[in-house]
Amino acid sequence: MRIPRHSDDAVSPVIATILLVLITVVFLAVVGMVLISLTDDAGSARSVGLIVKPSRDSGTGVMTQNDGIPVTVTVTLTGGADAAALTSLTVAVSDPLGSGSSGERDTRTCAGIGVPMTFTIDDLDGYSADRTGGMRCLVTVTGRFTDGSSSVLYQNMVTV
């Protein structure tokens, strides 16, 4: 007479299925946390209106590569939802080609909406001139706010 044996074949597929579901849930949770952490900085963007006018005065009107000509950047605050919380502005001018200095900065306390603020950036040695004699540079305006945070408000390549 044959004695029936108990089969344990069904236990292994059930455990495997539970483990696969568990691994999938953990993987999705990790991916979700990474995506949420990447978007945390998106909410910190500030709304501030600016008019930025860069210029330079070489005296002779002709710029050569190592003149060290100062650049003047006039910034006027025009408003925005976060304009009242703005405490200071920093203007940085840097050479986009990397042939000059890494960037010179000037910081001023905000003068208020509609009041032009003039920033003078000196010692820009080594900047390259374009075909018209103008100087290509990257102008960045960064604002500091009452809560201690800072945000880039303007960044553009200009010819002065």
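Listed values, structure above:
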quantity: Breaking point among (1) surrounded by 12 or more Cβ atoms within 10 Å (Cβ to Cβ); (2) charged (D, E, K, R); (3) at pLDDT 85 or above, for Arg108; calculated: (3)
quantity: For Met135: the one exception among (1) within 14 Å of Ser55 (Cβ to Cβ); (2) modelled with pLDDT of 80 or more; calculated: (2)
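Table: residues versus (1) part of a loop (DSSP other than H, G, I, E, B); (2) at pLDDT below 80; (3) within 24 Å of Leu138 (Cα to Cα).
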{"site": "Arg2", "(1), (2), (3)": "yes, yes, no"}
{"site": "Ile15", "(1), (2), (3)": "no, no, no"}
{"site": "Gly43", "(1), (2), (3)": "no, yes, no"}
{"site": "Ser47", "(1), (2), (3)": "yes, no, yes"}
{"site": "Pro54", "(1), (2), (3)": "no, no, yes"}
{"site": "Ser101", "(1), (2), (3)": "yes, yes, yes"}
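The values are calculated or read from the model by the stated rules, or taken from the named source; none is laboratory data. A quick note: this is a predicted structure, and the numbers were derived from the prediction, not measured. A quick note on method: Cβ atoms are made from the backbone with ideal geometry, for glycine too, and the neighbour counts reach across all protein chains shown.
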